[in-house]
Amino acid sequence: MTLPVILAGICFIFILKHRWFAFLRIPLDGGITIRGRRMFGKNKTLLGPVAMAFGTALFAFALTKLFSRIGVSNLPALYDASLYGILKSCVYGALYSLFELPNSFIKRQLDIREGESGKTRIFDIADSVVGVCVGAYFLYGVSLSVVLVMGAIGIAVHTLTDMYMKSIGLKK
């Protein structure tokens, strides 16, 4: 269930590292300030939700084709290659990025700079994972026990990718 989002997230790291799709680096907050501080900050751009949406849909579609080729017939609901299924997986992937926005808003209001965690590290890791879990529950009807397992896996993978992003200089 989470594999397409994880793969999209890994691709997103490479997109950020190589500065691809610069035309999508449009700030989601449009430069709006609240109390003299940016609403989300310069790092929350259209690139995140777009890359995660299309990346998740692309990987969900590719995995559908791969699994069907190797004879796996009992696929999770995410691997629906219909147009509706692809649109749902786009929303599912976008939730990863969109659930980061409340945390970014709070951090900007607390004067924590973009790319830094400070005391909000657990929220930096859990916010997008919660978005994926909420999406799995509401979009795909995944049981609460599966959602909890997904959350644990998501936090572990997000922690590892966060460490990698720090090692290559994308985060502080």
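One table, with the values for the structure above:
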{"read-out": "Given (1) farther than 20 Å from G154 by Cβ; (2) within 18 Å of the chain's Cα centre (by Cα); (3) open to solvent by 20 Å² or more (accessible area, probe 1.4 Å), number of the condition V91 does not satisfy", "value": "(1)"}
{"read-out": "Scan of the stretch 138-152 for residues that are within 14 Å of Y92 (Cα to Cα) and outside any helix (DSSP H, G or I), ordered by number", "value": "G141, V142"}
{"read-out": "Residues satisfying the stated conditions in the stretch 21-33, i.e. at pLDDT 95 or above and assigned to a strand (DSSP E or B)", "value": "P27"}
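The values are calculated or read from the model by the stated rules, or taken from the named source; none is laboratory data. Worth saying up front: this structure is predicted, and the values here are computed from it rather than measured. Here Cβ is always computed from backbone atoms with ideal geometry, including for glycine, and neighbour counts include all displayed protein chains. SASA here: full protein model, heavy atoms, side chains in, ligands and nucleic acids out. Shrake-Rupley method; radii C 1.70, N 1.55, O 1.52, S 1.80 Å.
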